[in-house]
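To keep things clear, I will list the structure first and then write my remarks on it.
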Amino acid sequence: MDSIEQGIFNNEVLEINALPRHEEAELNSFAPKYLLKRNISTTIWLIIITAGIFIAYNFAEIFRIFAPFIAGAFMLLFIWSYYSNYQWFRKSGYAVREHDMIFKRGFLFEKTTVVPFNRVQHVSTNRGVMDKMLNLSSLNVFTAGGSGSDVALPGLLPETANSLKEALAARMSGHV
């Protein structure tokens, strides 16, 4: 209690306008092959749903009346999905600053996550089957108190993901 009485403890009010703004950070974009990956996934769903519509058309008499409308609605949905993939890719990105990492994503609903390095517990890279075929990788950043990955940067080149992983690991250990 003596340290508080002697004036050692400070808890100054910060000027909000003087704080660093994450909006001003220049974001790095993801590898162009990531857009291809998203479009391939959308196409696979299109094929599966088209096959379902075709089966229902051939085996359910009542479905034949509504099939053109349902097929048209799904085509509009998938055109929207391809457009949404493109817009997500165009508007999403990441930045690594001196004290934190920023991940911005989304098209209609944008979300920005800022993770200070002093909260990072560990970092890992991840490559799925399609990632290996397209030479892509994901970087997962785990923070204190979280049960899973708090930030997952998809669509990175493996070299970029590994160098980011090493840079973040160095910052976590205080060697930078």
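Nothing in this text is a laboratory measurement; each read-out follows from the coordinates by a stated rule. These figures come from a predicted structure and were not determined experimentally. Counting neighbours? That spans all protein chains shown, and the Cβs are built from the backbone with ideal geometry, glycine included.
For this structure, a couple of remarks:
- Rel. contact order, % - alpha carbon contacts under 8 angstrom, at least six apart, the chain: 19 percent
- Note on Ile53 and Glu24: the model spin-label points, each 7 Å out from Cα along the C-beta direction, lie 5.0 nm apart.
- Of the chymotrypsin sites (Phe, Trp or Tyr not before Pro) in the stretch 48-131, the ones in a loop by DSSP (not H, G, I, E or B) with at most 15 other beta carbons within 10 Å are Phe107, Phe109.
- Entry for Rg and Dmax of the Cα atoms in Å (calculated from the structure that is shown) out of (1) 23.2, 86; (2) 16.1, 47; (3) 19.3, 69: (1)
- Cα principal axis extents for the stretch 80-143, largest first, Å: 40, 28, 16
- In this label model, Ile62 and Phe74 are separated by 1.9 nm, measuring between points 7 Å along each Cα→Cβ vector.
- Anchor Lys132: lysines whose Cα lies under 17 Å away (excluding residues fewer than 8 positions away in-chain): Lys33, Lys37
- Three-way shape call for the stretch 34-88 based on the alpha-carbon gyration tensor, with the a/c threshold at 1.5: oblate
- Distance-filtered residues of the stretch 131-145 - backbone nitrogen under 15 Å, label point 7 angstrom along Leu157 Cα→Cβ: 134-138
- Spatially proximal aspartates and glutamates relative to Lys111 (Cα-Cα < 18 Å; intrachain offsets below 8 disregarded): Glu23, Glu24, Glu26, Asp100, Asp150
- Percentage relative contact order, the stretch 40-125, counting C-alpha pairs under 8 Å, at least six apart: 16 percent
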